[in-house]
Amino acid sequence: MRAWTVDAQGLRLSEVPEPALRGGGVVVEVLAAHLPAYTNVVVSGGRGDLPKPLILGPLCIGRVTAVAPDVFHVAPGDLVVDTALLDAGDGDEILVGWVGLGASGGTARTDRMREVWRDGAFAEKALCAKETIVKLPGAENYPDPARLAFLPWLCVAAAGLHTAGPLAGRDVAVIGATGQMGGAAVLLALAEGAATVTAVGRNKVALDRLAELGPRVRTHQLIGDRATDAAAIGPVDVALDALGATPTADATMAAYDSLRVRGTLVLVGGVRQDLTIPYGEFMHRRLTLRGSWMSDDETVRTVWNLIRSGALDLSAVELLKVGLDDPESALDLAERTSGLSFVALVP
Ligand SMILES: NC(=O)c1ccc[n+]([C@@H]2O[C@H](COP(=O)([O-])OP(=O)(O)OC[C@H]3O[C@@H](n4cnc5c(N)ncnc54)[C@H](OP(=O)(O)O)[C@@H]3O)[C@@H](O)[C@H]2O)c1
């Protein structure tokens, strides 16, 4: 079969053997996989250690073709999402086919996990650990399964937002709403009944598209001054930071400043800066600061039910499809795609 492989020489389209079923495994025909905007950075080593060689690709929508004898929660024919998250407990987690180690930051056990479960989903077929597979009941009837490749990003955003409690009737801000994770968070907060959603970012075109989602959406174009940005964003009950790598923590801290008393700031983005939190002020404002990484099966089911019921309409998201033929052009397109647009690999 054809697959995108990465080795010391980089990323390329390769002919590889079809995955062989083994204990604890599920083989899926890959229907579509989201290409994150920063995939080029992941391949070039800018986001941490990628175990090589491997078939790249963290997440996909697939149709199950075979299951090992010890797999009972899915069966051939089911449409599923591969969440890539393999959790051994005690913080030892890996994302199969990608960078990212969980709370432990990497141990001898995560090394062993990455030896056994290494290959990802940017291929015609994938062998997935059963723990990474969640069934999407009724997805066979969804008109365009490739569009569902956006579901994992919605789930990461949802898991983050849910740490702040129910969103209905509350004011939510999304910092980095102009990226795909932020766009997903805006859609999710609207679907779950937020009173207002303030979309914050730099890209004016992406902000204008978000504003078209409806009258509950406000936008703020970051100007780069913490106090001015905070005043324009807030006051809000919940702020989700979904920024990519930024040179300073100013935008994140503007979100922190914009919180109401008892507000929550949730961090899910790619910012690699330290945050200076004033102890007394944090205490007196009774704030919560939460981190959130990936999502859990229950969140996947909740988000899928929002889509299935029509409460979250994926037609608001522009889908750009690419095939396996030209990985370099596909990754370049993904890098140039932001906001409510995303690139799906359809092998
Ligand atoms: N927590 C998790 O489980 C999880 C899972 C997946 C991904 N992530 C993280 O989520 C982050 C966002 O992902 P993404 O797909 O949306 O793509 P991304 O390309 O990493 O993020 C783009 C966003 O970051 C903003 N941004 C980038 N550089 C900036 C700067 N210097 N100043 C201000 N804003 C800046 C962009 O704003 P403009 O476009 O307006 O310039 C846009 O809103 C990623 O970095 C990734 O690490 C986290």
Report summary line: Leu161 passes all but one of the listed conditions (1) in a helix (DSSP H, G or I); (2) crowded, with 24+ Cβ neighbours inside 10 Å; (3) touching a Ser or Thr at 6+ places or on another chain (Cβ under 7 Å); the exception is number (3)
Query raised in the report: So, in region 164-199, of the ones that are closer than 13 Å to Ala255 by Cβ and not in a strand (DSSP E or B), which residue ends up nearest to the ligand (Cβ to nearest atom)?
Result: Gly176
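I want to confirm something. Restricting to region 235-259 and keeping residues that are charged (D, E, K, R) and in a strand (DSSP E or B), which single residue is nearest to the ligand (Cβ to nearest atom)? Give the derivation first.
To start, the set of residues in region 235-259 that are charged (D, E, K, R) comprises 237, 241, 250, 257.
Okay, now just the ones that are also in a strand (DSSP E or B), so 237, 241.
Values: Asp237: 20, Asp241: 9 Å.
Per the criteria, the residue is Asp241.
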Requested in this report: Output the residues belonging to region 183-224 that are out of contact with any helix residue (DSSP H, G or I) (no Cβ under 8 Å at 6 or more places or on another chain) and touching a residue at least 24 places away in the same chain (Cβ under 8 Å).
Outcome: Leu190, Gly193, Ala194, Ala195, Thr196, Arg202, Asn203, Val205, Leu207, Arg209
Query raised in the report: Restricting attention to region 4-38, which residues are within 22 Å of the chain's Cα centre (by Cα) and either polar (S, T, N, Q) or over 17 Å from Thr83 (Cβ atoms) (or both)?
Result: Trp4, Thr5, Val6, Leu11, Glu29, Ala37, Tyr38
Requested in this report: May I ask you to list the residues in region 94-112 that are surrounded by fewer than 20 Cβ atoms within 10 Å (Cβ to Cβ) and either part of a helix (DSSP H, G or I) or among the charged types (D, E, K, R) (or both)?
Outcome: Ala108, Arg109, Asp111, Arg112
Query raised in the report: Quick one: how many residues across region 131-179 are closer than 21 Å to Arg216 by Cβ and among the polar types (S, T, N, Q)?
Result: 1
Requested in this report: Answer yes or no: is there a residue in region 331-346 that is at pLDDT 95 or above, within 11 Å of the ligand (Cβ to nearest atom) and in a helix (DSSP H, G or I).
Outcome: yes
Report summary line: Those residues of region 276-324 which are within 28 Å of Val74 (Cα to Cα), exposed (fewer than 14 other Cβ atoms within 10 Å of the Cβ) and within 16 Å of the ligand (Cβ to nearest atom) amount to Glu298
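The values are calculated or read from the model by the stated rules, or taken from the named source; none is laboratory data. No experiment lies behind these values; they were computed from the predicted model shown. Using ideal geometry, Cβ is built from the backbone for each residue, glycine included, and neighbour counts are taken over all protein chains shown.
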